[in-house]
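Chemist: Below are the C-alpha cells for one structure; questions will follow.
The values are calculated or read from the model by the stated rules, or taken from the named source; none is laboratory data. Quantities reported herein were computed from a predicted structural model and do not represent experimental measurements. Here Cβ is always computed from backbone atoms with ideal geometry, including for glycine, and neighbour counts include all displayed protein chains. Heads up: the accessible areas ignore ligands, DNA and RNA and are worked out on the full protein's heavy atoms, side chains in. Shrake-Rupley method; radii C 1.70, N 1.55, O 1.52, S 1.80 Å.
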Amino acid sequence: MSAPRISIVTPSFQQAAYLEECIDSVHSQGGSVEHIVVDGSSTDGSKAILEQHARKFAWWCSEKDQGQSDAINKGLAHSTGDIFGWLNSDDALLPLAAERVSAAFQADPELLVLGGRIRH
C-alpha cells in the first residue's frame, strides 16, 4: 500500500515574521505532502514571501476572507489529499511529523481523527 497523500492548509494573516519557518517545516517533510496557503490579504510582506515560494504550493492565494475558518475551508476546497490537516502560519511541523501521521492512518484504516503533541 502506498503512503497516503497529506494535504496541509495554512491559514495566514499578517504573519510574515513566521511564514518562512512554517513553509520550510512543511516542505522538509518529504513524502507525499501537498501544501496550500490561504492568506487574508496581509499588508506586512506576507504576499512577497508567498510569491517567492509559490512553486512549492499546490495552491495559494492572498485575498480577503472571513477569518481563519473561512481560510481553512477555502484551502480544503483545493486539497486533493487522503488526509487533511491545517497548520497555522505561526507554527511549524517537527521533523518526521508527516511520516508519523501517515503511518498512523495506514496502521488503522478506521482512524478518522489523529491528535498530536504540541511543543512550546
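Chemist: How high is the FRET efficiency between Asn73 and Glu21 when r is their beta carbon distance and R₀ equals 30 Å, given to the nearest 0.05? Don't skip to the answer; put the middle values down first.
Modeler: Values: r = 25 Å, r/R0 = 0.82.
With R0 = 30 Å, the Cβ-Cβ based efficiency is 0.75.
Chemist: Quantify, in whole percent, the carbon and sulfur part of the accessible surface of the stretch 35-120 (1.4 Å probe; protein heavy atoms only).
Modeler: The computed percentage sits at 50.
Chemist: Turning to a different aspect of this structure: What distance in nm lies between label points placed 7 Å from Cα along the C-beta direction at Arg100 and Gln66?
Modeler: So the label points at Arg100 and Gln66 sit 3.5 nm apart.
Chemist: Hey, what does the equivalent ellipsoid look like for the stretch 1-43, semi-axes from the Cα gyration tensor as sqrt of 5 times each eigenvalue, largest first, whole Å? The partial results should precede the final answer.
Modeler: Details: eigenvalues 119, 26, 4 Å².
So the three semi-axes of the stretch 1-43 are 24, 11, 5 Å.
Chemist: Once you wrap a convex hull around the alpha carbon atoms of the stretch 47-120, what is its projected area averaged over all directions, in nm²?
Modeler: 6.4
Chemist: Give, in nm to one decimal, the length gained when the segment between Ser28 and Ser2 is fully stretched (0.36 nm per residue of separation minus the Cα-Cα distance). Spell out each step's value before the answer.
Modeler: Details: separation 26, 0.36 × 26 = 9.36 nm, distance 1.96 nm.
So the chain would gain 7.4 nm between Ser28 and Ser2.
Chemist: With r defined as the distance between the Cβ atoms of Thr43 and Glu110 and R0 fixed at 35 Å, what FRET efficiency is calculated, to the nearest 0.05?
Modeler: 0.20
Chemist: Put a dot 7 Å past each Cα toward the Cβ at Glu51 and Asp82; how far apart are the dots in nm?
Modeler: The answer from the label model is 3.8 nm.
Chemist: What is the calculated FRET efficiency for Arg117 to Asp91, with r their C-beta to C-beta distance and R₀ = 22 Å, to the nearest 0.05?
Modeler: Approximately 0.95, to the nearest 0.05.
Chemist: Now a separate question. Only Lys, Arg, Asp and Glu count, each charged at its Cβ (+1, +1, -1, -1), so figure out the dipole size of the chain about its Cα centre, rounded to 20 debye.
Modeler: On the way: 9 positive and 16 negative charges, 28 e Å.
With Lys and Arg at +1 and Asp and Glu at -1, about 140 debye.
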